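See structure below.
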Amino acid sequence: MLQVYLVRHGETQWNVERRIQGQSDSGLTEKGIQQAQQVAQRVRHLGITHIISSDLGRTQQTARIIAQAIGCDYVVDDRLRELDMGVLEQRDIDSLTEEEESWRRRLVDGTPDGRIPQGESMTELSQRMHAALSACLELPAQSRPLLVSHGMALGCLVSTILGLPPYAERRLRLRNCSISRVDYQQSAWLASGWVVETAGDVSHLDAPALDELQR
Ligand SMILES: O=C(O)[C@H](O)COP(=O)(O)O
């Protein structure tokens, strides 16, 4: 059975400032670096064979810390990027106009093809995240990959594996440097295919991680 670990990157400056990142970028804070180090300590005995990271800076910084600590190289896959938040990238979440808030609401309320102008829909995000996950099935037998990605991207992936719509990800709190695990299995009794073993585990972190979902 293939086990795939899913890690959201460490806390960044814009996470702290409540600025929308999307496919824009900000660096890890000191706390974010410590969180990545704690992930490395948590996974170092799990037999991780591959680390595959979104190509954005914050995820690569996280992947590099884990890779160096466990002695495993990492590669990048741009399909693991965060949702493209279009014209709202870099904006302060608390400064959006009513119209801008309506764009954000349509993104996550199930509006067909809901998107922020110049951004991605949740369906498009789900399609590329599943493509990146499915690529793990092509790795050599006995592989145990760890993917480093983003809050909405991983929330969308886990939600859709559970059979929920892509926009359900707002009901799943995946904090910075949380660890989730999904397994690919063949089973006559349980679901065949991807199943969720763990979602949003932060027990390895020595301090509470940010909860940006709270206004
Ligand atoms: O700010 C964003 O774009 C998302 O809400 C969180 O993105 P992140 O997981 O890359 O911080």
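The values are calculated or read from the model by the stated rules, or taken from the named source; none is laboratory data. Remember, it's a predicted structure, so these values are computed and weren't measured experimentally. All Cβ positions, glycine included, derive from the backbone under ideal geometry; neighbour counts span all protein chains shown. What goes into the accessible areas is simple: the full protein's heavy atoms, side chains included, and nothing from ligands, DNA or RNA. Shrake-Rupley method; radii C 1.70, N 1.55, O 1.52, S 1.80 Å.
Solvent exposure of region 2-214, expressed per residue, is 45 Å² of accessible area, with all protein chains present and a 1.4 angstrom probe. A full extension of the chain between ALA135 and SER203 corresponds to an added length of 21.6 nm, given 0.36 nm per residue minus the alpha carbon distance. The P(r) of region 74-116 has a tail past 14 Å containing 55 percent of all C-alpha pairs.
Using the alpha carbon gyration tensor of the chain, what are the three equivalent-ellipsoid semi-axes (square root of 5 times each eigenvalue), largest first, in whole Å? Write out the running numbers ahead of the final one.
Values: eigenvalues 142, 90, 41 Å².
For the chain, the semi-axes come out at 27, 21, 14 Å.
At R0 = 30 Å, how high is the FRET efficiency between ARG171 and ASP73 if r is their beta carbon distance? Nearest 0.05 is fine.
Working: r = 35 Å, r/R0 = 1.17.
FRET efficiency, ARG171 to ASP73: 0.30.
Entry note, the chain: relative contact order of 29 percent, from Cα contacts under 8 Å with a spacing of 6+ residues. Antiparallel beta bridges, as assigned by DSSP with both residues in region 2-214, represent about 60 percent of the total such bridges. Evaluating kT/(6 pi eta Rh) at 20 °C and 1.002 mPa s, with the Kirkwood radius of region 109-165 over Cα pairs in the Stokes-Einstein relation, gives 169 µm² s⁻¹. Length gained on full extension, VAL87 to ASP211: 42.3 nm, using 0.36 nm per residue less the C-alpha separation. Projecting the alpha carbon convex hull of region 1-129 along each direction and taking the average yields 8.7 nm².
Whenever you get a sec, compute what percent of the accessible area on the chain sits on carbon and sulfur atoms (1.4 Å probe). Taking all protein chains in place, the chain shows 48 percent carbon and sulfur surface. With the simple spin-label model, which puts each label point 7 Å out from Cα in the Cβ direction, the GLU98 to GLN127 separation comes to 3.4 nm. Label separation (HIS45 vs GLN118): 5.0 nm, computed from points 7 Å beyond Cα along the C-beta direction.
Based on the Kirkwood radius over alpha-carbon pairs, what is the Stokes-Einstein translational diffusion coefficient of region 161-215 at 4 °C with 1.567 mPa s viscosity, in µm²/s?
On the way: Rh = 13.1 Å.
The Stokes-Einstein estimate is 99 µm²/s.
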